[in-house]
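What follows is a set of notes on a single structure, which appears directly below.
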Amino acid sequence: MKKIILASGSPRRKELMEQIGLKFEVAVSHKDEYYKSVLPEEIVKELSLMKAENVASEQDARNMIVIGADTIVTLDDKILGKPKDEKDAYYMLKSLQGKAHQVFTGVAILDYDSNGGCQVSSHAEATKVYVHKMEDDEIWRYIHSKEPMDKAGAYGIQGKFAVYIDKIEGDYYNVVGLPVSYVYQKVKKGVRPF
């Protein structure tokens, strides 16, 4: 069986990998994140591959699978990253309420054989998320919970913000940070889950 390394420090991705029963280690890429792409789905593919390759370069990459992932939120073709402060979180959440936005997660899977040969899979998943209208006091209450401060788009669908989600079109787990069905289908030949 192959060793799996998750090239991400995200606690949400770690939880999702555990949820689907994969045994894995975590190794975080410390490489500066920059990208040349302009389309959201290409940006997340580029960044997820960069993370996976960086982590793999620090391993004896044989008989192992390295999984990199990156998630971005877009509204009207503008990328909403993690908020810099509470004021930034407020403006992000205010812009999302009453509208639909897109969440893109890129996944790069580097599958190394016993000789160090690598097969690369790169994928981007998109999910449309609709947010109910919110009163200002609801936005501030959510911000004061501190939950939005480390999340792209300033919210976590799996947390307190769930009450403001009207509906989604696409993969829920993609919004959390990892399209787990895609990951499992790609790695199941070389690993034994559960």
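Throughout, read-outs are computed from the coordinates displayed, never taken from laboratory work. This structure is a prediction, so every number in the text was calculated from the model and none was measured. Cβ placement follows ideal geometry from the backbone for every residue including glycine, while neighbour counts extend to all protein chains displayed.
If a residue has to be within 12 Å of the chain's Cα centre (by Cα) and outside any helix (DSSP H, G or I) to count, how many in region 172-192 make the cut?
Total satisfying the criteria: 3.
This table checks each residue for (1) more than 20 Å from ASP70 (Cα to Cα); (2) among the hydroxyl-bearing types (Ser, Thr, Tyr).
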site: PHE104; (1), (2): no, no
site: ALA108; (1), (2): no, no
site: ASN115; (1), (2): yes, no
site: CYS118; (1), (2): yes, no
site: THR127; (1), (2): no, yes
site: HIS144; (1), (2): yes, no
site: VAL163; (1), (2): yes, no
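Among residues belonging to region 176-190 that are touching a residue at least 24 places away in the same chain (Cβ under 8 Å) and touching a helix residue (DSSP H, G or I) at 6+ places or on another chain (Cβ under 9 Å), point out the one that is surrounded by the most Cβ atoms within 10 Å (Cβ to Cβ). Break it down into steps so the answer makes sense when it comes.
Pass one, region 176-190, residues touching a residue at least 24 places away in the same chain (Cβ under 8 Å): 176-180, 182-184, 186-187, 190.
If we keep only those that are touching a helix residue (DSSP H, G or I) at 6+ places or on another chain (Cβ under 9 Å) too, we end up with 176-180, 182-183.
On the way: VAL176: 23, GLY177: 25, LEU178: 28, PRO179: 25, VAL180: 20, TYR182: 18, VAL183: 25.
Per the criteria, the residue is LEU178.
Restricted to region 83-128, and to residues that are touching an Asp or Glu at 6+ places or on another chain (Cβ under 6 Å) and either of a type in the set (A, V, I, L, M, F, W, C) or under 20 Å from GLY177 (Cβ atoms) (or both), which residue is surrounded by the fewest Cβ atoms within 10 Å (Cβ to Cβ)? Reasoning before the result, please.
Here is the first cut: in region 83-128, the residues touching an Asp or Glu at 6+ places or on another chain (Cβ under 6 Å) are 104-106, 119, 124-125, 127-128.
Restricting the remaining residues to those that are either of a type in the set (A, V, I, L, M, F, W, C) or under 20 Å from GLY177 (Cβ atoms) (or both) gives 104-106, 124-125, 127-128.
Numbers: PHE104: 24, THR105: 28, GLY106: 27, ALA124: 22, GLU125: 21, THR127: 20, LYS128: 13.
Here the answer is LYS128.
Among the residues that make up region 25-41, is at least one of them over 18 Å from ALA152 (Cβ atoms) and among the aromatic types (Phe, Trp, Tyr)?
Filtering region 25-41 down to residues over 18 Å from ALA152 (Cβ atoms) leaves 25-27, 30-31, 36.
So of that shortlist, the ones also among the aromatic types (Phe, Trp, Tyr) come out as none.
Checked against the condition, which is being over 18 Å from ALA152 (Cβ atoms) and among the aromatic types (Phe, Trp, Tyr), region 25-41 yields no hits at all.
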